[in-house]
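Each reported figure results from applying straightforward, stated rules to the coordinates on display, with no laboratory input. Everything numeric in this text was worked out from a predicted model, so none of it was measured. No Cβ is skipped: glycine too gets one built from the backbone with ideal geometry, and neighbour counts run over all protein chains shown.
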Amino acid sequence: MQSDHISRVEERVYRHWYEDGLGELTGGGLFLLFAFYFGGHAWIEKGNLMGRLFLNGGLIVLLIGGVLATRWLLAIMKAHFTYPRTGYVELNSPERISLNRAVTAVVGVVATVFVFLLGQMLGSFSWAPAVVGLLFGIVYLLIAVKSGGVKRFYFLSAFSALLGFGLWFSLLIVTFNLALFYSVLGLVSIISGGVTLARFLKENPMPTELEDEP
Amino acid sequence: MSHELLGLGDLDRIIHEPARLLIVTILSTVEKADFLFLQRETKLTKGNLSAHLGKLEEAGYIKIEKTFKGKLPLTICNLTANGRKAFEQYRQRLIQFIDTTSK
């Protein structure tokens, strides 16, 4: 079998993971949590040290806890909605997961250091929404390409980048900008996931037969 | 006749059968998958899929784990190390053959 045929099978399996829209629904929820976090930053006065400390500590809790909670919720929803309808599949081998995690961690650290150094040099972080928008745009684009061209991910990719750049040129303060960015992207992601899930449930009714698998 | 062409005779017959080749290809791209997923992806009937899975298990190429999720039976399959090796060898043979015949 030629490697392009195997790639097509890989794409189909990868697409299967996203066909229920649950990834966008839970991801959108995580974005909304980030929106609350940055919204809190925008509302708390600069002189309020306790509030600032609480929020800065909250970022770590939000990052770790939010990601873990999202994964947990996604697993529960997949087990409830997806696996009984279209079957269970576990995508990556442990080696691949480790590699993906390592690459993500390195990219995350490099991007954070880059953003802070650039911010120090320019004396402003007003461009942060553009960078974040571009990063999420790239992530959505990678998902679209890897899944063999699922159109809604191209839309989310373009939307994220345009939203980020649009907010860069607005005159709002940066934390409010980021709160707005995450709120809008979160809502759009939830709507996209919700519509996809509704279609998925309609097209894949729960099997009624309880007969044993041979 | 070239060595590559003669080598076609040694192709792994267990994997070479189209339905089993599809099953093995799908399993090679994932960590594990259940019966329902494989049935949907291969479009085989339950009985047919079950028979092919049995042959692959007999050859030691896949591992089948039968459990229950609530009252529903759950059959989870994954490719063994032997299965991955055999599939890789099969692919290499086929690629060599295609390269030779397209020159």
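Quick look at the numbers
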| quantity | calculated |
| --- | --- |
| Sequence of B:Thr100, A:Thr82 once ranked by neighbouring C-beta atoms within 10 Å, starting from the fewest | B:Thr100, A:Thr82 |
| Over 23 Å between alpha carbons, listed pairs B:Lys43/B:Lys66; A:Lys151/B:Lys32; B:Lys46/B:Lys66; B:Lys32/B:Lys85; A:Lys146/B:Lys69; A:Lys146/B:Lys46 | A:Lys151/B:Lys32; A:Lys146/B:Lys69; A:Lys146/B:Lys46 |
| Pairwise label distance in nanometres, B:Lys69 with A:Ser7, each label 7 Å out on the Cα-Cβ vector | 3.2 |
| Rounded tilt (10° steps) of B:81-102 against the dominant C-alpha axis of chain B | 40 |
| Among B:Pro18, B:Gly47, B:Leu74 the positive-end extreme of the charge dipole of chain B (Cβ point charges) | B:Leu74 |
| Residues with amide H under 5 Å from that of B:Ile62, placed H, sequence gap 5 or more | B:Glu57, B:Thr80 |
| Per-bin percent of Cα-Cα distances, the range B:3-98 [10 Å] | 15, 48, 26, 8, 2, 0 |
| Contact order normalised by residue count of the range B:3-98, Cα under 8 Å, 6+ apart, percent | 35 |
| Placed amide H near A:Leu91: partners under 5 Å, 5+ positions off or other chain | B:Glu31 |
